[in-house]
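The values are calculated or read from the model by the stated rules, or taken from the named source; none is laboratory data. This is a predicted model, so every value here is computed, not measured. Here the Cβ positions follow ideal geometry from the backbone for every residue, glycine too, while neighbour counts run over all protein chains shown. We work out accessible area using only protein heavy atoms, side chains counted, and drop any ligands, DNA or RNA first. Shrake-Rupley method; radii C 1.70, N 1.55, O 1.52, S 1.80 Å.
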Amino acid sequence: MNIAVFVSGGGTNLQALLDAEREGFFKSHICLVLGNRPCKGLERVAGRDCAALVHGDSEDILRLLREHEIDLVVLAGYLKILPEEVLSAYEGRIINIHPSLLPKYGGRGMYGHHVHEAVFAHGEPYSGATVHRVTGEVDGGTVLLQSKVNIEKLKSPEEIADTVLVLEHQLLKTAVKYIEEERL
Ligand code: GRF
């Protein structure tokens with residue numbers, strides 16, 4: 001599969017996918033990285049056979065996805081809502097990584113540190129990461145994979161974030177591999 005990854009920030013999930021491709025963990029090729037703004041994630045493809053740029057409007061996104069013959073769109077730390085035209089053109093072929101055990105701690109406003117602060121404030125014994133299909137409902141698509149961790153001994157939202165991020169990296173590359181093998 002040809003994969004496009006959307007980023008907004010540091011791009012550590014993108015990096016996990018780039019490393020997985022390089023080590024042959026999956027056969028697919030990440031050939032396009034799009035950001036809604038300049039960010040470190042876009043710099044991670046330097047020296048690779050992969051385009052990286054800040055996207056424009058929905059027409060621009062659709063043109064880029066078609067030009068690169070994208071089969072799978074991966075949202076990895078991407079903080080915007082994809083335009084309806086893109087969601088419908090790639091229905092069933094867009095996945096997202098979310099840093100909680102959806103459906104808990106998902107939806108509008110629940111991203112990045114907000115998630116871990118809420119999990120910590122509620123004294124949850126577990127947290128984790130979820131890969132899900134992307135639909136028009138924020139974090140509402142079918143759950144594909146989840147990874148759960150006991151956080152009772154963790155002392156801050158930052159510790160939870162660091163622990164969950166490691167799970168995200170493992171889960172996202174596994175989801176790509178399973179989709180490639182048509183197991184998901
Ligand atoms: C991660 O927690 C991701 O789940 C969330 O944004 C954070 C940063 O992701 N959506 P990355 O380092 O930019 O991949």
*Among the residues of region 4-31, which ones are more than 9 Å from the ligand (Cβ to nearest atom) and either touching a Cys at 6+ places or on another chain (Cβ under 7 Å) or assigned to a helix (DSSP H, G or I) (or both)?*
17, 18, 19, 20, 21, 22, 30, 31
*Exclusive hit being of a type in the set (D, E, K, R), in contact with a Cys (Cβ under 9 Å, 6 or more places away or on another chain) and more than 11 Å from the ligand (Cβ to nearest atom), set 59, 69*: 69
*Considering only region 15-33, state which residues are under 21 Å from residue 62 (Cβ atoms) and either buried (at least 24 other Cβ atoms within 10 Å of the Cβ) or touching a residue at least 60 places away in the same chain (Cβ under 8 Å) (or both).*
28, 30, 33
_Here is a check on your reading of the model: is residue 45 buried (at least 19 other Cβ atoms within 10 Å of the Cβ), within 15 Å of the ligand (Cβ to nearest atom) and assigned to a loop (DSSP other than H, G, I, E, B)?_
yes
_Could you check region 125-184 and list, in sequence order, the residues that are assigned to a loop (DSSP other than H, G, I, E, B), open to solvent by less than 60 Å² (accessible area, probe 1.4 Å) and more than 19 Å from residue 95 (Cα to Cα)?_
125, 151, 154, 156
*Kindly indicate the residue of region 80-105 that is open to solvent by less than 30 Å² (accessible area, probe 1.4 Å) and in a loop (DSSP other than H, G, I, E, B) and also nearest to residue 28 (Cα to Cα) among those meeting that condition.*
90
*Do you know which of the residues in region 61-79 that are touching a strand residue (DSSP E or B) at 6+ places or on another chain (Cβ under 9 Å) and in a helix (DSSP H, G or I) is most open to solvent (accessible area, probe 1.4 Å)?*
67
